Amino acid sequence: MKASPAIETSETRATGRALSLVAVVGVFGGFLFGYDTAVINGANQYLKAHFALTPLQEGMAGASAIFGCIPGAMCVGFLSDRFGRRKLLFICALLYAISGLLSAAPSTFTQFLMARFVSGLGIGASSMICPVYIAEMAPTAWRGRLGSLFQFGIVSGIFITLFINARIQNFGDEQWNTVSGWRWMLGAEVVPAVLLLGFLFPVPESPRWLWQQGHESEARAVLERLGGAAHAEVEIEAMRGTLQIESRGRVSELFQARFRRPLLIGVLLMAVSQFSGINAIMYYSTKILTTAGIGVKDSFASSAIIGLVNLVFTLVAMALVDKAGRRPLLLIGLAAQVIALGMVGWMFHAGIHGTGLLLAILAFIAAFAMALGPIPWILCSEIFPTQVRGRAMSIATFTIWSSCYVVAQTFPMLNDSAKIGPAMTFWIYAAFSLGGLLFTLWLVPETKGRSLEEIERQFH
């Protein structure tokens, strides 16, 4: 019997509210990730003066959060498979709030490093759990766009943090910023962390995790909230079919033959996303753009140019990922990266600076933001079965943070080396991008329009 228009409208509105809450959680989770990553750029110079840091200590201040990211990413997979996605999101929000408070109030440099380590735990954990939660909550037709919201939140957090830092800097002079300004920059993170906590109370647990734990009626109720009764029935049937072939999800299962291909895809795409050099530019943009001779001397202006391009082309990815698909965007983006990075290297080699070099760098940023930025997160949240998704995503996230650390540490040495220099450095990044392009052609499947259970059966 067909439902009345009033019932259909009520169900549609309830579905819209539920999906909107999921979207907000994804954006805020990414925003906190981006904020925490970028805020140190504005605070660094004042931290250096306040604590009289040596160059080694200044580097420790910048990298301290990364040391927390790695254990945060590794531990949260097991915990989320054991206790649920939503509970771990609460812990992530609490870690961000605690870090904001502790980072704003240290009396010694050691205390500051400890506070930033707590921040890193939150970044590492949220970078794994947010994409998984969104993928397991989103209807198939919306999964790519909702998954892209996490990356959109990251780049928005990075971009908006530039303006927050600039606003706080204007509250006082150099002396005030050295004593107090950097504390407000770091402490302001508490506001979005508290907002995320508030939005987490009304959102439900992942229906696939609930089903895996045997809570069938609760899983059905969540699915009905997300897409209506018909959607719930389709998803329940799909999960019922895969449950018969799933076991309990031990870590050792990840290395069985049926999981090797998705694990290889997840690990290599995450590694390529970093070894293509994105964070060499994000962390050292001032140095690169000043070398390019475009007249951008301060870190705020140069980072704003890159941040704006990053934000705009992430929106392009969100608009296209469920229409064009994951694989075509990856192929186009990686091909554009190879060309752009090759041009950057050639211009450095030939001594061509100025606007042309800047445009080549921005072309790389645009290509990355459109493809290799958001899509590995989406794919990794899609290609693993429910019972190992959290732990598999932890391995993929561990890969991205370990690779990020390697790039951040090696870029200054490669760039300043008499034997390598900036030209060869960017050609190395182009070579990694070319490897990622060939790997995508060879092994990465299309997942657009398929349920998580259909994707799982494809790998069987």
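The values are calculated or read from the model by the stated rules, or taken from the named source; none is laboratory data. Please read these numbers as outputs of a predicted model, since none were measured by experiment. Virtual Cβ from ideal backbone geometry, glycine too; neighbours counted across all protein chains shown. To get the accessible areas, we keep the full protein, side chains included, count just its heavy atoms, and leave off ligands, DNA and RNA. Shrake-Rupley method; radii C 1.70, N 1.55, O 1.52, S 1.80 Å.
Sorting the segments 359-371, 213-225 by their mean number of nearby beta carbons within 10 angstrom, highest to lowest, gives 359-371, 213-225. Within the shell defined by Cβ-Cβ distances under 12 Å, the residues around Trp442 carry a net charge of +2, with Lys and Arg each +1 and Asp and Glu each -1.
For the range 161-234, the Cβ-based charge dipole about the Cα centre amounts to some 100 debye (Lys, Arg positive; Asp, Glu negative; other atoms uncharged). Residues in the range 13-54 average 35 Å² of solvent-accessible surface per residue, probe 1.4 Å, ligands and nucleic acids excluded.
What the Cβ-Cβ distance of Ile420 and Ala324 gives, at R0 = 35 Å and to the nearest 0.05, is a FRET efficiency of 0.40. Between the C-alpha center of the range 52-107 and that of the range 404-423 there is a gap of 26 Å.
Take the Cβ atoms of Met413 and Arg240, set R0 to 45 Å, and the FRET efficiency comes out at 0.25.
Among the lysines of the chain, pairs that are 8 or more positions apart or on different chains and have alpha carbons within less than 21 Å of each other number 5. For the listed peptides 437-444, 159-166, 388-395, a ranking on the average number of other beta carbons within 10 Å per residue, highest first, reads 388-395, 159-166, 437-444. The calculated FRET efficiency for the pair Val191 and His349, based on their C-beta separation and a Förster distance of 60 Å, comes to about 0.85. Gyration tensor analysis over the Cα atoms of the range 44-83 returns equivalent ellipsoid semi-axes of 33, 8, 5 Å (largest first, whole Å).
If the chain linking Ala105 and Arg261 were pulled fully straight, counting 0.36 nm for each residue of separation and taking away their Cα-Cα distance, it would gain 51.5 nm. Probing with 1.4 Å while keeping every protein chain in the model, the per residue accessible area of the range 376-442 equals 35 Å².
Overall, the ratio between the Cα radius of gyration of the range 62-116 and 2.2 N^0.38 Å, rounded to two decimals, is 1.27.
For the chain, hydrophobic long helices are taken as DSSP H runs at least 24 Å long by C-alpha position along their axis with mean Kyte-Doolittle hydropathy of -1.0 or more; these are 5-51, 55-83, 85-103, 109-137, 143-169, 257-275, 299-320, 326-350, 386-416, 421-443. Per atom type, the chain shows carbon and sulfur on 68% of its accessible surface, probed at 1.4 Å. Our note on the geometry: Cα centres of the range 142-183 and the range 301-331, 19 Å apart.
Which net charge results for the neighbourhood of Phe67, defined as the other residues with beta-carbon distances under 14 angstrom from its beta-carbon, given Lys and Arg at +1 and Asp and Glu at -1? With Lys, Arg at +1 and Asp, Glu at -1, the net is 0. In the distance distribution for the range 19-174, Cα-Cα pairs more than 24 Å apart total 36 percent. What does the charge count around Lys48 come to, taking other residues whose C-beta lies under 13 Å from its C-beta (Lys +1, Arg +1, Asp -1, Glu -1)? Once all neighbours under 13 Å are counted, the net charge is -2.
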